[in-house]
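The values are calculated or read from the model by the stated rules, or taken from the named source; none is laboratory data. Given the structure is predicted, the values throughout are model-derived calculations rather than measurements. As a convention, Cβ positions derive from the backbone with ideal geometry for all residues, glycine included, and neighbour counts pool all protein chains shown. Accessible surface is based on the protein model in full, side chains and every heavy atom, while ligands, DNA and RNA are left aside. Shrake-Rupley method; radii C 1.70, N 1.55, O 1.52, S 1.80 Å.
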Amino acid sequence: MWRAVVVVCVLCLMALSTPSCQSSGVPLQERMARGVNGGSNCATCSIVLGLIYQLSEIHNETVVKAMERLCSFLPSQFKEPCDVAVDFLTPFLIQIITDEETPDAVCLSLGFCTTDPGHQTCRLWPKPKTDFNSAVKLRRALIEKITRTKLLEPSICKLPGIKEICAWVDTTIGHHLPSFDVDVDGFSNVQTLRGYSWRGADCNDDRSDVHPGTRPVDSDVTFDSNCNGIYGSDPTSTRPYEDVLCGGTQPRGIAVLGDSVGAHFHLPEEWFDSRKLSPKVFENLPFIIENEIDWPEMSSVTGTNHINCFYAKLHLSVLHTLLYSTSKCGLVLIIPCNIIKSFNIHSLRRNQLKDYPMLIIYSLVGNDVCNGHADTFAHMTTPQEMYDNALKTMLYLDKVLPPNSSVMMTGLAEGRFLYDSLHDRIHPIGRLHNDVTYPDLYDYFNCLEISPCTGWMNTNKTVRDMTSERAEQLSAALQDLANNNASLFTNFKLYYMECPLNIGFRFWAKYGLPTWKLIEPVDGFHDNQFGQALTAQIAWDYFEKNHPEILGSINPNNAEIERIFGQQGGYRN
Ligand code: CA
Ligand code: CA
Ligand code: CA
């Protein structure tokens, strides 16, 4: 089958170098090859091998034994391809690994890392005791001897055991629509693979007219047509429950159109801390990969607090849950995670006549200023492009959203808080010896030109400042669009607010709270679960205070709905 730990790390690094929402359409092997000096292939090799070196040190064993140990931590279906990859690599590794060698030098020797013409050699780990270049030269000669009998290509996705996984990733994930959707209505009763973690659960996958967020058919007298759990009639009055409990109220759905911040990208930090590696931390690997390393069921907009989440048992003040507490009649959650930049929108399916109104959070946190190029500013969106792209998206939304919907545009993040919060902290991969800081990782990714955001994940203050300046200009373009074009849109009202993340970071800083606690420790780029919950509460408070009509009035029948139908949630099977 398709799995292996090294591949998990392939996915991790793939995700690090190109945040998950951008993954659709481009084969993994091609994405891994982006950048210079070996790009993501090099980073994957150096990081994974670095962790294996640490494991070998912790357990006082050879590097090959430590690789086997790492394979043994995997769920059963992952072990075999992992062992295949290790068997293939072993003859190379036993020839070239010595006590003085570092993972950087080994990956250069193996060919996964290179020094391209006009570029400096990239280094993540501390320098070896011996001369780096001559060590690489020597090992390279040994490798060439072996490759006469065994082909070693400089691509992680071509390694035996791993190529099947890369192929599986390409065909299975990143297509924006559910893989299991019998009636092809865009909703699924499977949680992963763009299923109900992402879009709300289909309570009948044999009927395309039954899915979350529709107005009830014939008042749902005989069955639940809109998956809110409410159907049947009140035995005393014989009136349908949908009429009694939801009639005259303001049910709505919620969706986020955004990037990997909206989808809540999250890599478990235990995977990158050699002291914590164990079978336990890989237990949920299939689920995590099938959800593309995103956690929409726990995100600031579409998360719910009813799920049994396994990485953080936090109460989530997420918008979906808050909105559900306002009306238990109509919620659907949709998180297409489909905007690479301010243009390009797919898969928001709504029926203007049959569906309830939507609250859309149009959230472009940073992709318009974030890229991995050395000449990063040349690849950023300009204010005029931002305005035009957003206008195009709004005109599209006006054609698909049911009347009386709302669209809340949020401005871009102030990404300088990343460096300001993390610049003196140790990254999880460096915790064993306190030898890799976040700036080390930023420099390394920039050297390979695979950073998720060269502009903000940068040790050069001027570059960070200029990136923020562009982000402010782009936010101003969005604000201008929202403030001056109300008459263009008939089916929704358009609003603008500052990026809630910025408000959250200012709030924490003001009260002297450590702002690094709001950032994902592995990628150092996205906000973490605390950040997601905090931003949801900030947005909710802002709506309540300034635009309560977005949220609608509270359904007075909520308690009665819960008494009769339980915590149905509108997103479950
Ligand atoms: Ca379906
Ligand atoms: Ca259906
Ligand atoms: Ca119903």
A correct Karplus calculation of ³J(HN,Hα) over the range 41-50, with 6.51 cos²θ - 1.76 cosθ + 1.60, θ = phi - 60°, whole Hz and x for Gly and Pro, returns 4, 5, 4, 4, 4, 5, 6, 5, 5, x
Treating the range 422-519 as a set of equal point scatterers at the Cα positions, no solvent, please give the Debye-formula log₁₀ I(q)/I(0) at q = 0.16, 0.18 Å⁻¹.
-0.89, -1.01
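Which entries of 276/517; 163/399; 163/461 show an alpha-carbon separation above 31 angstrom in the structure shown? Walk me through the numbers on the way to the answer.
On the way: 276/517 19 Å; 163/399 42 Å; 163/461 40 Å.
From 276/517; 163/399; 163/461, over 31 Å: 163/399; 163/461.
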Taking the Cα-to-Cβ direction at residue 484 and at residue 517 and moving 7 Å from each Cα, how far apart do the two end points lie in nm?
4.3 nm
Kindly report the accessible area of the range 402-525 per residue (heavy atoms of protein chains, probe 1.4 Å, no ligands, DNA or RNA), in Å².
39 Å²
How big is the gap, in Å, between the Cα center of the range 179-216 and the Cα center of the range 466-509?
32 Å
Counting only protein heavy atoms and using a 1.4 Å probe, what share of the accessible area of the range 368-433 belongs to carbon plus sulfur, as a whole percent?
52 percent
